[in-house]
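Below you'll find the structure, written out as structure tokens, and then a few comments.
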Amino acid sequence: MNKTLLKLRKVLKRDVTIIVLPHSTTKPVRKTFTLSFLIFIMMFWTGLTIWATVITSNNADYWRLKLDREVIKFKLMFFASELKKSQDLLAQVREKDDRLRDLLDMKSKKAIVTSDSMGKGGPTQEEAAYLQKYLENKVHEVSVKDLYHQTKALQEETKEELASVEEINGFIAYQQLLYKSTPNTWPCKPNRITSPFGFRIHPITGRYEFHTGLDIAGDRGSKIVSGANGKIIYSGWSAGYGNLVIIDHGYNYRTYYGHLAKIHVKEGDKISRNQLIGLMGETGTTSGIHLHYEVRLGDKAVDPRKFLDDSLFFTKQNTGDRNVW
């Protein structure tokens, strides 16, 4: 063992000469070092290199993390900004929805159920915190949980708004069908009403009784047309009415056309407003040429004069079924 150490020490003490020969007239540079010194310099340089590499790597990780944080911060700010724009847009859509409902005189299902309750509401804690951060220009400090709640709330509000739009579309479609099915025009050429709706003395029997329709005078063979879209449910002779046509318009509306000279439709026919159904005459119990015109809502006869002008459809009135325009 001692001999090995002596040999190693002897080797380390050997001199090593380094000669630098420049490609010029300059004299060569000669340096002599012990082997142990050269080994020390090499180990020192290696350690310094390793230390520099570690420091550089740590700094690179630091700057990489900082850059990632800035990118995430920018993304959060952009996302929060877009979320705010979406909320503002949804608020505008909701405002237009409310205006459209006011225009249509249409309440939401919620408003109908809670119409007698006092106004209540306000932002949630998450919404209030988000607004404060937004006002302080610190949206990037909003937590992911808060952003999730904001996004979730926006999704729910959007679903409600879509449901509201579908409800409005359904209401408009209903009103369009109701308009087409509501009698709102003269069933013949406008002329003198010889007997109004209500109590009267019957011109044939002389008894005081309720008249369920309008008697409209006219010329024999004058065209009789449907007051609205519908389906013929009766076409033929009926005591008192003579030749009679009954049209079911749906929505609880039915119209009766009596004393016709001739019938041009049959049971089961689908017809449109102003379509020819027959000719004016004096069949049945009558004192002269005229049309007996009835409008029934359900089983109840109503005054046909309210259904001779289509502008009356757009005036809100209680029909017993539901409110119409």
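The values are calculated or read from the model by the stated rules, or taken from the named source; none is laboratory data. Note that the structure is a prediction, hence the values are computed from the model and not measured. Cβ atoms come from the backbone with ideal geometry, glycine included; neighbour counts cover every protein chain shown.
Residues that are surrounded by fewer than 16 Cβ atoms within 10 Å (Cβ to Cβ), modelled with pLDDT of 90 or more and touching a strand residue (DSSP E or B) at 6+ places or on another chain (Cβ under 9 Å) within segment 298-322 comprise G298, D303, R305, listed in sequence order.
Among the criteria (1) more than 14 Å from S181 (Cβ to Cβ); (2) under 40 Å from the mean Cα position of the chain (by Cα); (3) touching a residue at least 12 places away in the same chain (Cβ under 8 Å), the one D299 does not fulfil is (3). Residues considered: A239, A261. Of these, the only one that is at pLDDT below 95, more than 17 Å from Y179 (Cα to Cα) and of a type in the set (A, V, I, L, M, F, W, C) is A239.
Scanning segment 249-287 for residues that are within 30 Å of T205 (Cα to Cα), among the charged types (D, E, K, R) and surrounded by fewer than 18 Cβ atoms within 10 Å (Cβ to Cβ) yields K262, E282.
The residue of segment 231-247 that is farthest from the chain's Cα centre (by Cα), among those that are within 15 Å of H264 (Cβ to Cβ) and buried (at least 20 other Cβ atoms within 10 Å of the Cβ), is N243. Screening I112 against (1) surrounded by 10 or more Cβ atoms within 10 Å (Cβ to Cβ); (2) at pLDDT below 65; (3) of a type outside the set (F, W, Y) leaves a single unmet condition, (1). Taking residues in segment 28-44 that are closer than 16 Å to R14 by Cβ, and partners anywhere that are β-branched (V, I, T) and surrounded by fewer than 10 Cβ atoms within 10 Å (Cβ to Cβ), the pairs with Cβ atoms closer than 6 Å and at least 6 places apart or on different chains are T32/T17.
Restricting segment 256-274 to residues that are outside any strand (DSSP E or B), in contact with a strand residue (DSSP E or B) (Cβ under 6 Å, 6 or more places away or on another chain) and touching a residue at least 24 places away in the same chain (Cβ under 8 Å) leaves a set whose member that is nearest to P190 (Cα to Cα) is N274.
Of the residues making up segment 191-218, those that are among the hydroxyl-bearing types (S, T, Y), more than 20 Å from L297 (Cβ to Cβ) and surrounded by 11 or more Cβ atoms within 10 Å (Cβ to Cβ) number 2.
Table: residues versus (1) within 26 Å of the chain's Cα centre (by Cα); (2) of a type in the set (D, E).
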position: E157; (1), (2): yes, yes
position: Y174; (1), (2): yes, no
position: Y179; (1), (2): yes, no
position: I224; (1), (2): no, no
